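Reviewing the structure listed below.
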Amino acid sequence: MPFELKNKADDQVLHSNELAAEDFNTDKLVENTISFNLPFAEAKMKQWYFNGIRMGHHNWHYNDRVEMEWKADLDMVTLYFNMRGKTTIANKDADKPYELGKYQHNLFYSQTGEGTIKNDDLYLDTFMIQFNRDAFLRLTEDSNEVLKRFGGNVLEGKNVALCDNSLFMDINMLNAINAIINCKYQEDLKKMFLLSKSIELLVLQAEAYNSFQKRGSDYLKTEYDKERIIYAREYLVQHLDLPPSLTDLAKVAGINEYKLKRGFKEMFANTVFGYLADTRLELAKTDLLERKKSASEIAFELGYSSVQHFSTAFKKKFGVSPTRCN
């Protein structure tokens, strides 16, 4: 029984599959989409697996808050990215449950594939990458100290999480996940692309932990303040063409300007307007690579004062001019 999901309240089996460890080790890229209806939720799961790696994008629409029990006999390391909603995950033998709010991530390993998962919101959008034990150890053998230490725990079969408190995702993580979900490549080229992005996300998680350690203790103490910073980020992204001033953004978010600046830097490892600039340029790069729009169209839509200003900023970030990107 590789995987089983039960309702904790009545012990009813909600979902199960027979995916075995050897299925993950297939040389061929396998993709599938699963949808199912439960008494309290609708779920859609898209997954990819190959060479000891599984990726899954999950959307859950709940009509109530529930706690589910899961069991699995697959020895996996899980990169967990929570993009919408809030969830709480507890492993049977872990010291504590782990909360993941909106735009939070963590890295987990447990040899005991049994625990609970609880939704605190009615909509969850999550993305996971799972490496089997051997694949993860091969990847991290020559990595940095953070991943080597994590790999040492995996080697000894110990339960471990990257961070006691889940960290916040940055624009690079969001872009990598979106690139995986929307990948247009086929067959072996797609497999190569997905592998590169899975390694990129693992590197970004390790770097996020390093940055967190350097920053020291959290400045934002309450869930309310964190929610306000997330709201400020979303408002900023929705107004890329005509962004608000710091003063106006603080008013929209309902916090003071100092807390906005410091809290934003803590959560997203960037200043407000540094994040704005990076987001604009990453979107521009995607549009250019997919040949959706010209450089002049992008410059206008993203609020640049001129095509020249856009071209200068683009070349500074990516090392090539927009005209050479497409």
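Values in this text are rule-based calculations from the coordinates and carry no lab data. The shown structure was predicted, so the numbers you read here are calculated from the model rather than taken from an experiment. Cβ: placed from backbone, ideal geometry, glycine included. Neighbour counts: every protein chain shown.
Placing a pseudo-label 7 Å from each Cα along the Cα-to-Cβ vector at Lys293 and Arg138 gives an inter-label distance of 4.2 nm.
Of the listed pairs Lys118/Lys148; Lys28/Lys184; Lys6/Lys44; Lys221/Lys259, which have alpha-carbon separations greater than 20 Å here?
Details: Lys118/Lys148 31 Å; Lys28/Lys184 17 Å; Lys6/Lys44 17 Å; Lys221/Lys259 11 Å.
Among Lys118/Lys148; Lys28/Lys184; Lys6/Lys44; Lys221/Lys259, the Cα-Cα distance tops 20 Å for Lys118/Lys148.
Working out 0.36 nm times the residue gap between Asn51 and Tyr224, then minus their Cα-Cα distance, what length gain in nm do you get to one decimal? Can you show the working numbers first?
Values: separation 173, 0.36 × 173 = 62.28 nm, distance 4.19 nm.
Full-extension gain reported as 58.1 nm.
In order along the range 59-65, the Karplus-derived 3J(HN,Hα) couplings, from 6.51 cos²θ - 1.76 cosθ + 1.60 at θ = phi - 60°, round to 10, 10, 10, 9, 10, 7, 8 Hz, and Gly and Pro are given as x. In this simple spin-label approximation, Glu31 and Ser245 carry label points 7 Å from Cα along the Cα→Cβ vector, and these lie 4.8 nm apart. Centre-to-centre separation between the Cα atoms of the range 149-206 and those of the range 43-59: 13 Å. When the trypsin sites (Lys or Arg not before Pro) in the range 278-314 are filtered for DSSP coil states and for at most 11 other beta-carbon atoms within 10 Å of their beta-carbon, the remaining sites are Arg291, Lys292.
Mind checking the full-extension length gain between Lys317 and Thr271? Use 0.36 nm per residue of separation minus the Cα-Cα distance, one decimal, nm.
My answer for the length gained is 15.0 nm.
Taking one equal scatterer on every alpha-carbon of the range 223-325, how large is log10 of I(q)/I(0) by Debye at q = 0.09, 0.12, 0.22 1/Å? Computed log10 I(q)/I(0) values: -0.25, -0.43, -1.05. Residues of the chain were split at every exposed loop site, defined as GluC sites (Glu not before Pro) in a DSSP loop with at most 15 other C-beta atoms within 10 angstrom, and the longest piece left, sites excluded, is 157-289.
Each 20 Å bin from zero holds the following percent of Cα-Cα pairs in the chain: 28, 58, 14, 0. Excluding same-chain neighbours fewer than eight residues apart, the aspartates and glutamates reachable from Lys191 by a Cα-Cα span under 13 Å are Asp27, Glu31. Where in the range 69-98 does the amide nitrogen come within less than 12 Å of the point 7 Å from the Cα of Asp164, taken along Cα to Cβ? From the range 69-98, the list is 96.
For the range 165-209, count all C-alpha to C-alpha pairs, find those more than 16 Å apart, and express that count as a whole percent of the total.
Details: 376 of 990 pairs.
The calculated P(r) of the range 165-209 puts 38 percent of pairs beyond 16 Å.
Taking the chain as a Gaussian network, Cα atoms linked when under 10 Å apart, which of Gln111, Gln238, Gln47 shows the biggest mean-square fluctuation? Of Gln111, Gln238, Gln47, the most mobile in the Gaussian network model is Gln238.
At 10 °C and a viscosity of 1.306 mPa s, what translational diffusion coefficient does Stokes-Einstein give for the range 57-121, taking Rh as the Kirkwood radius over Cα pairs? Give it in µm²/s as a whole number. Mind showing how you got there, number by number?
Working: Rh = 12.5 Å.
Once the numbers are plugged in, D ends up at 127 µm²/s.
Here the Gaussian network model covers the chain, with springs between Cα atoms less than 10 Å apart; of Phe36, Phe131, Phe212, Phe36 fluctuates the most.
Among Met55, Met192, Met169, the largest mean-square fluctuation in a Gaussian network model of the chain (Cα springs under 10 Å) belongs to Met192. When each full DSSP H helix of the chain is screened for a Cα extent of at least 24 Å along its own axis and an average Kyte-Doolittle hydropathy of at least -1.0, the helices passing are 187-215, 272-289. Computed over the chain, relative contact order equals 12 percent, with contacts defined as Cα pairs under 8 Å that lie 6+ residues apart.
Counting only Cα atoms, the range 1-158 measures 46, 35, 27 Å along its principal axes, largest extent leading.
Rg/Rh for the range 142-231 stands at 1.04; both radii use Cα atoms, and Rh follows the Kirkwood definition.
For the range 126-183, the extents of the C-alpha atoms along the principal axes are 36, 26, 20 Å, listed from largest to smallest.
Around Trp60, with a cut-off of 15 angstrom between Cβ atoms, what is the net charge of the other residues, counting Lys and Arg +1 and Asp and Glu -1? Write down the numbers at each step before the final one.
Values: positive: Lys44, Lys46, Arg65, Arg84, Lys86, Lys102, Lys118; negative: Glu42, Asp64, Glu67, Asp120, Asp121, Asp125.
For residues surrounding Trp60, the net value is +1.
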